[in-house]
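Student: Here it is, the structure, as structure tokens.
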Amino acid sequence: MTDVENGAGRLLARVIVNRLWQHHFGTGLVSTPNDFGGFGNQPAHPELLDWLAVKLIENQWRLKPHASTHHDQRDLSANVASTNQKRIR
């Protein structure tokens, strides 16, 4: 299942990091964590979601190093939110 070439690995990694993000920040990068399919919402920041998923796979699916990365992402999340507010204006 974690096989990124022949299994659901990439999707699974995205789901896991989205749930970690939701746990740490209250809302996932995808606001519909139970539906990544056609009826779910698009990620708020797809590049960030993909980057975090790649890091999880590179860390051999270990969550502890990844959780530390999420804590470091608080500043990044604030910067992304600030950038989005600037785009809206």
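All of the numbers you see were taken from the coordinates with simple rules; none came from a lab. Here the structure is a predicted model, which is why all the values come from computation and not from measurement. Heads up, the Cβs are rebuilt from the backbone with ideal geometry, glycines too, and the neighbour counts pull from every protein chain shown.
Student: Which chymotrypsin sites (Phe, Trp or Tyr not before Pro) in the range 27-60 pass both tests, a DSSP loop state and at most 12 other beta-carbon atoms within 10 Å?
Tutor: PHE39
Student: Residue separation times 0.36 nm, minus the C-alpha to C-alpha distance between HIS24 and LYS55: what's the value?
Tutor: 9.4 nm is the gain from fully extending HIS24 to LYS55.
Student: Counting other beta carbons within 10 Å of each Cβ, put GLU47, GLU58 in order, fewest first.
Tutor: GLU47, GLU58
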